[in-house]
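The values are calculated or read from the model by the stated rules, or taken from the named source; none is laboratory data. Keep in mind the model is a prediction, meaning the values are calculated, not measured. Quick reminder, even Gly has a Cβ in these numbers, built from the backbone with ideal geometry, and neighbours come from all protein chains shown.
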Amino acid sequence: MSDKNTISSTNKQVLILEDHIDAQTWLGDAVLMAYENRAEVTLSASVAEAQHNIMKQAFDLFLVDLNLPDGSGLEALVQAKNLYPDLVCVVTTIYSDDSHLFSALRAGAAGYILKDESKAAIAEMLKKSDRGIPAISPEVAQKILCYFHQPSMVTKHVSLTERERETLSYIVKGSSVKECAILMAISHHTVQGYVKEIYHKLDVSSRAEMVSEALRTGLLLP
């Protein structure tokens, strides 16, 4: 999408794994919208091509389709996370079922966006992911919460206060600290305090890790 020779090093380096041309354009436009055209987009139409690109350079963001002609995009996602543990990987797909969703989260995805979202909505979610807030479609966030409210889930032995659990539930849905403060009718400083305490209790150091741990262990069970 952009000429590498004319792009500043400050621009976001984004890899998109997608085999459909229309979807490539759609997602590429959303990326440019999110970063106000300060992004260089590299397109891969197959798992093999994505893996080749991952070996050639480091990226800031990796958008991953799941079903490709030569396999699952999760293969490239796992390789990317092994090489670059801090790389933000966001699945972009038409599949919202539990099997695809939780396989992606277990593989290391920090977000899960459904392709039927508008470009503006995708751009907004990507901007949030840049601030450490997981890029998750609302429908997917709701599914995650419902899944982890099943009585058969085994919870981690971590004791959260009622307010900490409420904060965590909003963050899992994609809310920022300021948005949590508005929803909870408290100051954002208080919310930051809750987040810091949750970090300590879960032994994590980022929002992405916090959400991943909450989802993995079923901490939002009643």
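Okay, here's what the table says:
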{"quantity": "Residues of region 17-53 that turn out to be of a type in the set (A, V, I, L, M, F, W, C) and free of Cβ contacts under 8 Å to residues at least 40 places away in the same chain, as a count", "calculated": "7"}
{"quantity": "Hits in region 55-82 (condition: more than 18 Å from the chain's Cα centre (by Cα) and part of a helix (DSSP H, G or I))", "calculated": "55, 56"}
{"quantity": "Those residues of region 168-218 which are assigned to a loop (DSSP other than H, G, I, E, B) and surrounded by 17 or more Cβ atoms within 10 Å (Cβ to Cβ), in sequence order", "calculated": "173, 174, 175, 176"}
{"quantity": "So residue 16, is it at pLDDT 95 or above, assigned to a helix (DSSP H, G or I) and crowded, with 21+ Cβ neighbours inside 10 Å", "calculated": "no"}
{"quantity": "Residue tally, condition part of a helix (DSSP H, G or I) and either at pLDDT below 95 or of a type outside the set (D, E, K, R) (or both), over region 42-54", "calculated": "7"}
{"quantity": "The lone exception for residue 56 - which of (1) free of Cβ contacts under 8 Å to residues at least 12 places away in the same chain; (2) within 23 Å of residue 214 (Cα to Cα) it fails", "calculated": "(2)"}
{"quantity": "Total residues in region 54-80, condition closer than 18 Å to residue 13 by Cβ, surrounded by fewer than 19 Cβ atoms within 10 Å (Cβ to Cβ) and in contact with a Phe, Trp or Tyr (Cβ under 9 Å, 6 or more places away or on another chain)", "calculated": "1"}
{"quantity": "For residue 89: the one exception among (1) in contact with a strand residue (DSSP E or B) (Cβ under 9 Å, 6 or more places away or on another chain); (2) at pLDDT 90 or above; (3) part of a helix (DSSP H, G or I); (4) of a type in the set (A, V, I, L, M, F, W, C)", "calculated": "(3)"}
